[in-house]
Amino acid sequence: MITIALSKGRIFEETLPLLKAAGIEVLEDPDTSRKLILTTNQSDVRVLVVRATDVPTYVQYGGADMGITGKDTLLEHGSQGLYQPLDLQIAKCRISVAVRSDFDYQSAVKKGSRLTVATKYVAIARDFFASKGVHVDLIKLYGSMELAPLVGMADAIVDLVSTGNTLKANHLVEVEHIMDISSRLVVNQAALKLKQAPMRHIIDAFESAISK
Ligand code: AMP
């Protein structure tokens, strides 16, 4: 049995064509089914539906043999024990710093004054501002980061940006592009040794599908 951990939403949708290239079709829709283990047309392949931030944990501890997760999640979680053979080039976005449109970010950063930053991505934000020599007080949030500058809780946020519509709708502007993000295939190294042939087949099919 090969177990693949996926999260609902964009990653799930964009993974379906890759699975198809490996001959795998998921038989249930995670948006309508309450099941957390989804069957596929291959009796020896199943899909686990987990939170995006839990994908590396399931793969690391062997609850899943492989999974797909964003580079953002891997950088925050760490990638101990995870083999990362492929950048799947899906769920592309960027991680950026954004502030209220009336906040003078350039002078706040130049003066070296402390900046309060709200984010789910504490490790990425800490490393980024440290590399710029800017002192930051980090506030950890789990969602709706855009609210923090609007209610005066933070000067800036560090968040994923795709079209920029969410920032715009909340009168925020992007002031720094920290890095580009896409989703990666992560593989449990012990599982790869034990189930080499079927796992290699999936990895190779994904690889040829993304290079097309
Ligand atoms: P957008 O309005 O298109 O810029 O999307 C921004 C919102 O979608 C933010 O709340 C982000 O956290 C979320 N988002 C954008 N891209 C991704 C992605 N690839 N994976 C997960 N969340 C994303």
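Quick one: which residue in 40, 73 is among the polar types (S, T, N, Q), closer than 24 Å to residue 178 by Cβ, without any contact (Cβ under 8 Å) to a residue 40 or more places away in the chain and open to solvent by less than 50 Å² (accessible area, probe 1.4 Å)?
73
When only residues in segment 58-101 that are within 16 Å of the ligand (Cβ to nearest atom) and polar (S, T, N, Q) count, which is farthest from residue 10 (Cα to Cα)?
Checked segment 58-101; the qualifying residue farthest from residue 10 (Cα to Cα) is 101.
Within segment 156-181, track down each residue that is of a type in the set (Val, Ile, Thr) and near the ligand (Cβ under 8 Å from one of its atoms).
Within segment 156-181, 161, 163, 166, 181 meet the criteria.
Just checking: which of the strands (runs of 3 or more DSSP E) contained wholly in segment 113-165 hold 1 or more residues that are touching a Ser or Thr at 6+ places or on another chain (Cβ under 8 Å)?
136-140, 156-161
With respect to residue 122, is the statement that it is within 19 Å of residue 74 (Cα to Cα), assigned by TED's automatic domain parsing to the domain that holds residue 8 and within 16 Å of the ligand (Cβ to nearest atom) true?
no
Given the condition open to solvent by 20 Å² or more (accessible area, probe 1.4 Å), in the same structural domain as residue 22 (by TED's automatic domain parsing), touching a residue at least 24 places away in the same chain (Cβ under 8 Å) and aliphatic (A, V, I, L, M), answer yes or no: does some residue in segment 166-177 qualify?
No, there is no match, as no residue in segment 166-177 is open to solvent by 20 Å² or more (accessible area, probe 1.4 Å), in the same structural domain as residue 22 (by TED's automatic domain parsing), touching a residue at least 24 places away in the same chain (Cβ under 8 Å) and aliphatic (A, V, I, L, M).
Could you tell me how many of the residues in segment 43-59 are over 21 Å from the mean Cα position of the chain (by Cα) and either open to solvent by 60 Å² or more (accessible area, probe 1.4 Å) or free of Cβ contacts under 8 Å to residues at least 24 places away in the same chain (or both)?
Number satisfying all stated conditions: 3.
Might you check whether a residue that is among the aromatic types (Phe, Trp, Tyr) and farther than 25 Å from residue 2 by Cα occurs anywhere in segment 97-110?
yes
Looking at segment 109-130, can you tell me whether even one residue there is among the hydrophobic types (A, V, I, L, M, F, W, C), at negative phi and open to solvent by 60 Å² or more (accessible area, probe 1.4 Å)?
Taking every residue of segment 109-130 in turn, at least one turns out to be among the hydrophobic types (A, V, I, L, M, F, W, C), at negative phi and open to solvent by 60 Å² or more (accessible area, probe 1.4 Å).
Evaluate the following for residue 63: is it within 30 Å of residue 163 (Cβ to Cβ) and touching a residue at least 60 places away in the same chain (Cβ under 8 Å)?
No, not satisfied.
Within the group 200, 184, which residue is within 30 Å of residue 2 (Cα to Cα), charged (D, E, K, R) and surrounded by fewer than 20 Cβ atoms within 10 Å (Cβ to Cβ)?
From the options 200, 184, the qualifying one is 200.
So, in segment 1-23, how many residues would count as being in a helix (DSSP H, G or I), of a type in the set (A, V, I, L, M) and open to solvent by 30 Å² or more (accessible area, probe 1.4 Å)?
The qualifying residues number 2.
The values are calculated or read from the model by the stated rules, or taken from the named source; none is laboratory data. None of these values were measured; they are calculated from a predicted model. Note that each Cβ is placed from the backbone with ideal geometry, even for glycine, and that neighbours are counted across all protein chains shown. Heavy atoms of the whole protein, side chains included, go into the accessibility calculation; ligands, DNA and RNA do not. Shrake-Rupley method; radii C 1.70, N 1.55, O 1.52, S 1.80 Å.
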